[in-house]
1. Can you work out which of the residues in region 233-256 that are within 23 Å of T493 (Cβ to Cβ) and polar (S, T, N, Q) is surrounded by the most Cβ atoms within 10 Å (Cβ to Cβ)?
2. Mind telling me which of the residues R32, R46 ends up being in contact with a Ser or Thr (Cβ under 7 Å, 6 or more places away or on another chain), in a loop (DSSP other than H, G, I, E, B), closer than 19 Å to C157 by Cα and of a type outside the set (A, V, I, L, M)?
3. Assuming F329 fulfils every condition listed in (1) free of Cβ contacts under 8 Å to residues at least 40 places away in the same chain; (2) within 27 Å of the chain's Cα centre (by Cα); (3) more than 30 Å from N391 (Cβ to Cβ) apart from one, which condition is it?
4. Every residue in region 160-183 that is under 25 Å from D119 (Cα atoms), touching a helix residue (DSSP H, G or I) at 6+ places or on another chain (Cβ under 8 Å) and open to solvent by 10 Å² or more (accessible area, probe 1.4 Å), please.
5. Which of the residues spanning region 36-93 are in contact (Cβ under 8 Å) with a residue 40 or more places away in the chain, open to solvent by less than 20 Å² (accessible area, probe 1.4 Å), within 18 Å of G8 (Cβ to Cβ) and not small (G, A, S)?
6. Taking into account only those residues within region 665-709 that are modelled with pLDDT of 95 or more and touching a strand residue (DSSP E or B) at 6+ places or on another chain (Cβ under 7 Å), which is farthest from G198 (Cα to Cα)?
7. Restricting to region 624-675, count the residues that are hydroxyl-bearing (S, T, Y) and either touching a His at 6+ places or on another chain (Cβ under 9 Å) or surrounded by 19 or more Cβ atoms within 10 Å (Cβ to Cβ) (or both).
8. Hand me the list of strands (runs of 3 or more DSSP E) wholly inside region 331-433 holding 1 or more residues that are farther than 26 Å from R649 by Cβ, open to solvent by 30 Å² or more (accessible area, probe 1.4 Å) and not basic (K, R).
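The values are calculated or read from the model by the stated rules, or taken from the named source; none is laboratory data. The shown structure was predicted, so the numbers you read here are calculated from the model rather than taken from an experiment. Here the Cβ positions follow ideal geometry from the backbone for every residue, glycine too, while neighbour counts run over all protein chains shown. These area figures cover heavy atoms from the full protein model, side chains too; ligands, DNA and RNA do not enter into them. Shrake-Rupley method; radii C 1.70, N 1.55, O 1.52, S 1.80 Å.
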Amino acid sequence: MPKLIIDGAEIDVEDGLTLLQACEQAGREIPRFCYHERLSIAGNCRMCLVEVKGMPKLAASCALGVSDLRPGPEGQPPEILTTSPLVQKARSGTMEFLLINHPLDCPICDQGGECDLQDQADAFGVGSSRYDENKRAVENRNISPLIKTIMTRCISCTRCVRFMTEIAGVEELGQIGRGEDAEITTYLNKGMLSELSGNVVDICPVGALTHRPFAFTARPWEMKKTESIDVMDAQGAHIRIDTRGGNVLRILPRESDDINEEWITDKTRFVCDGLKNQRLDTPYIKENGKLRPATWAQAFEAIAKRMNNVDGKRFAAIAGDLAAVEEVFALKALSDQLGSPNTDCRTQNCSLSLDGGRAGYLFNTTIAGLDKADVILLIGTDPRREAAVMNARIRRGVSSGQTRVGLVGAPVDLSYDHDYLGAGPQTLVDILEGKHAFSEVLKEASNPLLIVGEGAISRSDGRAVLALAGRLANDFAMVREEDGWNGFNILHTAAGRVGAMDVGFLPGEGGLDTNGILEASEAGNVEIVYLLGADEIEVERLSKSFVIYQGSHGDKGAAIADVIWPGAAYSEKTATYVNFEGRPQMTMRAVFPPGEAREDWTIIRALSQTLGKTLPYDNAMELRQKIYELAPQLAAIGAVKNQEMASLRALSHEAIRIQPTPFSLAIDDFYQTNPVTRASVIMTEMSTLKQEMNAGKAAAHSKGMVTHG
């Protein structure tokens, strides 16, 4: 390990670090604008200058490696000064140059209070400028409904350009012109439609790119900040919810190296308006074919009257994609009390079950484990839509040359180079039997893994596809006891599904699954159906049943309900969600539910008392204690437990009878995947723009044109 003397203190640092990183390990603050820990080094801003004894001029510490430093004339460690008069003068001079053309509009800037330029000008700048020439002006571009631009503030640090190219994998931003004419813009004046584009707002250090929907809404110090978990997909990204006066104004990422690093999707970031639009805030009862507002007592009485003398086997319950563990567990307990085995959380009718143990329905490699993979086989999935932040992690491995990716399923743009292997399960059979060139790639891999999407297993032969995947994992050494490598992965799209499976919200003995419940309802064999936020099903097939809908939004399920109970959105309750790795995490209540809406488990508890089937818990602590008794792994909040691999081998021995039809995709529209996104005006606008762009591309290709972007 190299030794350095930084401001008189000798330290040991890891080989390969930059001088900036070494200085920060020594506790020295180094200002920077262009440097970012997760982006390539540009060396644009020159704000990170330090003095290295023996070098003729100051060095940019972000671009100089510690292994490149020479020892002193007598072999002593290199000596670095970070606060010498020469360094201080250089930094104040650099800051003076950066502010020559800056509009100095801090009082009206959206970034005020969170601006790196503002903070560093105060810490390292000077109180006046020697320049009185006219400032340059740059035309603002309408690059996105999500991102507001005031490009006169731009200091050409190129963080946004490097993020879009290196992390998002979409070359939508670039720099044109030279000198004072240089500016950051989109190519061919097109908009930014990457699923990760909003992250440029976080990394912009000067307020040139800001949050358009949030503009002029509130200052940072006016808002209450609540740490929580995202539920817009099943990755479980760490987020911070900023609120004021009972309204969610902004959602930002929190750093978590094992899950989302420091990125979130645009769906997560900009869905705030969907949390207050089309909300259910009072119970409703259907009378004479029309819904009318009711009191809680009237709603409970209507349910009790309808369920009187109904056989439990004619009652069914379906848990939706955003249902938390607490309410799912309570509804399962109530169903058991009523004698109903008809419960299911697999709204997409996927073939996952508890037969293969927990490892049979989890992302066993973990998100961080993707960094070790050298070959990835994608089966019926598009991770760019289904888990966009994780997809950026895969892209990093591909870009570095470490990882090779093969895709079986619908041809999609993953934002990185990959081998397209085929469209359906027959390709998997060919790979398994060694008839496909990719078989050799898997055999030679050190850490191969496969990722099965819901598009591959939500079909009539889904169980056979799952068994086929298990056999591939077994035959190509993707599951190894000796070193603990588990490359069998299921990529879920619903935040609530893994938690629901953990507490057993699946059909009991002789019970009906989701499709069976719909068929039984059409045949008149199921009288009462309880929809716990279940909107991603064919709700029109329930027209012959008495439907109880409990949810936060007036979405598809509420449209056909006979009784509606207003529940809480994820930002309004402290609840447990389990991400696709099997990692239990908790959302924290940032605001209270609107009107008469209540936390979901409390509604089910009150119903059980009305029906004379009182559940044995009166508060959240008692409820969670019951949950932990059933599923102890859920008590380890934030931890991933290694799963037994033997059950996966049992899965691989099942009979395989496949169909020739190609795999479909689990998500058609990235921006419209749940009731919250469908209630969002911003997400609807983005969905429309994306569809128009795709239609334009299709038209161009039909005319023989080539398009980019």
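1. Of everything passing the filter in region 233-256, Q235 is surrounded by the most Cβ atoms within 10 Å (Cβ to Cβ).
2. Working: R32 fails: in contact with a Ser or Thr (Cβ under 7 Å, 6 or more places away or on another chain).
Just a single option satisfies the conditions, and that option is R46.
3. Every condition holds for F329 apart from (1).
4. C160, E183
5. V66, P78, I80, T82
6. Across region 665-709, the extreme among qualifying residues is P675.
7. Residues flagged as hydroxyl-bearing (S, T, Y) and either touching a His at 6+ places or on another chain (Cβ under 9 Å) or surrounded by 19 or more Cβ atoms within 10 Å (Cβ to Cβ) (or both) within region 624-675 amount to 3.
8. Of the strands (runs of 3 or more DSSP E) lying wholly inside region 331-433, those with at least 1 residues that are farther than 26 Å from R649 by Cβ, open to solvent by 30 Å² or more (accessible area, probe 1.4 Å) and not basic (K, R) span 419-422.
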